[in-house]
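First the structure, in the form of structure tokens, and then the observations on it.
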Amino acid sequence: MEVLSFLADGLLLSLQPLNLMLILAGVTVGLFIGAMPGLGSVNGVAILLPITFLVPPGSAIIFLAAIYYGAMYGGAISSVTLGIPGASTAVATTFDGRPMALNGKASLALVTAALASFVGGTVANVLFTLFAPLLASVALSFGPPEIFALMLLAFATFVGLGGDDIPKTIFSICFGLVLAAVGFDTISGEPRLVLFEISGFLRGIGFIVLAIGVYGIGEMLWTLEQTRGEVTTTNPKMTIKGLVSDTKEAARKGWRGTMIGSFLGFFVGVLPAAGATPGSLMSYGVAKMLSKNPKAYGTGIPDGVAAPEAANNSASTGAMLPMLTLGIPGSPTTAILLGGMVIWGLTPGPRLFANESEFVWGLIGSFYVSNVAALFINLAFIPLFVWMLRMPFTILAPLIFVLSIIGGFAAARSMHDLWMIVIFGIGAFFLRKFDYPLAPAVLAIVLGPIAESTMRQSLLLSSGDPMIFLNRPIAGPITVIAIILILLPALKLLRRKKAVATA
Amino acid sequence: MRQGEISLAGLLALFSLYLMWKSMELPIGYIRGQGPGGGFWPFWLSLGMLLSCIAIAYNWWRGKSPAARSDDPIMDEFGWRTVILVGGGVVGFVALISIVSMYGAIALFLFYYLRFLGRHSWVLTLGLSIVLPVLLFLFFEGAMMISMPQGMAFTQPFFDLMYDFIY
């Protein structure tokens, strides 16, 4: 009951005129920044951090958290309308979001994303409020072997459930992981894989470079070539009535994915260093695995949008938990929030809840208010985003190319990376022609640094014995599930051969 | 398609070998007291890429993938023309950034695409080619405080004028 009274105080605090205004402004700004390919919540929070020194710390963090929320909702918009994931957390949203837009169901996809995000955020807020200290201690028991096992599971879902050509899927995963290793070896500090001795590779290859290349340039070339330039992505339903019927359809067809994403996303988000990207991917994989019709995933179904969208919002809230309770940021954005708190004179960690109760509960209260604000502001802007898709493709296509290039530069600030975007784009087009799945490579480049460092730390802990991934109580079962998923296609093949032989 | 499938697998296998060779610049084994060497992770993953290419080639030989069974060309004339005109346009766009600035390159790319590929009217072409770069300038330089490449010296008067406007 004490928790509820603290929460009520927090809600009242976040509904004060200044805070409410900051929430509405933050969510709207975040929504547009998140919708822009190349820019995500981390850009919004970092750029607007100095502005927050004008207001008290409690209001400042509420503003930044509102931007974070808005950007999480916004990430889905570019995934659906442009087919480019605005941030790594929205990669899985493109799997079904883009086909839905191409099938003329863009507004349904956007409404599903908004509703799933709202439910994901709400579930996460409730779990956060009730179990914050307990979950923080569970998260602490996740060491490098457990995190590596989780990464293995994320990749295994692609191999076991992907439905694509298995060798090509494995090639794509390995390729993404190797690209992530370009630059410097983080442990020894030595230059590594400086390809063709070009110094630009010393900076590594960022996720956004590959994502914009694959989805912004490669996918567009592929669409233009396949459709002969006559792409129809329009959806005439832009009325209030249309939105209401989309809302009903989204609730009916997307509830399973939403529920899976909301809970799974939160628990993955809570883990330090895991965050919303593996959370959204795993939710997509699990929703597909538990579905009666897994083959429908990837063709454009609401559940395929709902699962990753609910998960990335839920995980984003979850990622705040280790930041507030342990002082460990779970994502780049929470790292900046943490930096802000230190500048404002607050010490994140176990004592924060006791020493700065008003600040913490004000922030938690603002999660609830930001979530509601983000839902309504997002729904209000859906007609604008759908209108964008009504443009003739000969106007939309160059706009997407321009946004890809300028967004790519904004994220990386280097001409070398722009050329890499072009090379990846043209390469991706030809790989796509030969049915190489590219989403695994994009996710692998995001998860690669976490997977490598946790694998090396684990092997160091065990003096080189790989059994560390199997004989620990949490890592063991996760690794076994991952291995089963990897072997699933081979087991299916064996069963089919056996059935043919007996028939 | 059949020839393309095996040629691509061969190219990717060569690239995998190159990555394995590059990874060997750092230790690829286990170093006592330090854990796996810096080259361990990329080396074994590149080997995974190579083995995948061998599996792709094996599937090609058995005719298991759709591309391996198809005698169609990779693309028809329309496809090649689209890729060259659009892909070439994007390459030109990026090449122009160092000369006429990011915003100048955007204007020229939009002009090329809208007028020559999209065959839109002069009003729409010129309108979008001028308005969009200005809006993007206001968003990136003004609101987000992100500086874009300014190209060669002759673009400076334009930037001076725009900076006077936003500051």
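For the reader, a short list of remarks on this structure follows.
- Cβ separations smaller than 9 Å between residues 6+ apart or across chains give the following pairs from the range A:484-503 residues that are more than 18 Å from A:Pro167 (Cβ to Cβ) to residues that are among the aliphatic types (A, V, I, L, M): A:Ile484/A:Ala156; A:Ile484/A:Leu491.
Yes/no matrix, rows are residues, columns are (1) open to solvent by 10 Å² or more (accessible area, probe 1.4 Å); (2) among the small types (Gly, Ala, Ser):
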| position | (1), (2) |
| --- | --- |
| A:Met36 | yes, no |
| A:Ala60 | no, yes |
| A:Ser88 | yes, yes |
| A:Lys105 | yes, no |
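Listed here are the residues, each with its yes/no results for (1) outside the structural domain of B:Gln150 (by TED's automatic domain parsing); (2) more than 23 Å from A:Phe196 (Cβ to Cβ).
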position	(1), (2)
B:Leu14	yes, no
B:Arg62	yes, yes
B:Thr82	no, yes
B:Ala95	no, no
B:Phe109	no, yes
B:Arg115	no, yes
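- Hits in the range B:65-82 - residues which are within 12 Å of B:Glu5 (Cα to Cα) and facing chain A (nearest Cβ under 10 Å): B:Ser65, B:Pro66, B:Ala67, B:Ala68, B:Ile74
- Applying the condition of being more than 7 Å from chain B (Cβ to nearest Cβ) and either surrounded by fewer than 24 Cβ atoms within 10 Å (Cβ to Cβ) or not in a helix (DSSP H, G or I) (or both) to the range A:170-186 and asking which residue is modelled with the highest pLDDT yields A:Val182.
- Picking from residues in the range B:10-42 that are facing chain A (nearest Cβ under 9 Å), closer than 18 Å to A:Arg456 by Cα and touching a helix residue (DSSP H, G or I) at 6+ places or on another chain (Cβ under 6 Å), the one that is surrounded by the fewest Cβ atoms within 10 Å (Cβ to Cβ) is B:Gly35.
- Residue in the range A:361-375 that is more than 9 Å from every other protein chain (Cβ to nearest Cβ), more than 30 Å from B:Phe93 (Cβ to Cβ), surrounded by fewer than 17 Cβ atoms within 10 Å (Cβ to Cβ) and modelled with pLDDT of 90 or more present: yes
- Against the conditions (1) modelled with pLDDT of 90 or more; (2) closer than 25 Å to A:Leu195 by Cα, B:Val86 satisfies every one except (2).
- Residue, modelled with the highest pLDDT, within the range A:391-404, restricted to residues that are farther than 14 Å from A:Val80 by Cβ and either more than 10 Å from chain B (Cβ to nearest Cβ) or not in a helix (DSSP H, G or I) (or both): A:Pro392
- Evaluation of A:Lys497 against the conditions (1) within 29 Å of A:Phe148 (Cα to Cα); (2) surrounded by fewer than 18 Cβ atoms within 10 Å (Cβ to Cβ); (3) charged (D, E, K, R) shows that the sole unmet condition is (1).
- Residue in the range A:431-455 that is farthest from A:Gly176 (Cα to Cα), counting only those that are facing chain B (nearest Cβ under 8 Å) and out of contact with any helix residue (DSSP H, G or I) (no Cβ under 7 Å at 6 or more places or on another chain): A:Lys433
- Among (1) under 25 Å from B:Gln156 (Cα atoms); (2) more than 7 Å from chain A (Cβ to nearest Cβ); (3) of a type outside the set (Phe, Trp, Tyr) - the single one B:Leu85 does not satisfy: (1)
- Members of the range B:110-163 found to be part of a loop (DSSP other than H, G, I, E, B) and not aliphatic (A, V, I, L, M), listed by number: B:Gly118, B:Arg119, B:His120, B:Ser121, B:Ser147, B:Pro149, B:Gln150, B:Gly151
- Close pairs from the range A:289-306: first on the phi > 0 side of the Ramachandran plot, partner polar (S, T, N, Q), Cβ under 8 Å, at least 6 apart: A:Gly300/A:Asn103
- Residue within the range B:69-85 that is touching a residue at least 60 places away in the same chain (Cβ under 8 Å) and either surrounded by 20 or more Cβ atoms within 10 Å (Cβ to Cβ) or part of a helix (DSSP H, G or I) (or both) present: yes
- Residues being assigned to a helix (DSSP H, G or I) and open to solvent by less than 30 Å² (accessible area, probe 1.4 Å) - total across the range A:405-426: 14
The values are calculated or read from the model by the stated rules, or taken from the named source; none is laboratory data. Here the structure is a predicted model, which is why all the values come from computation and not from measurement. Glycine also receives a Cβ, built like all others from the backbone with ideal geometry; neighbour counts cover every protein chain displayed. Keep in mind that these areas ignore ligands, DNA and RNA; they rest on the heavy atoms of the full protein, side chains included. Shrake-Rupley method; radii C 1.70, N 1.55, O 1.52, S 1.80 Å.
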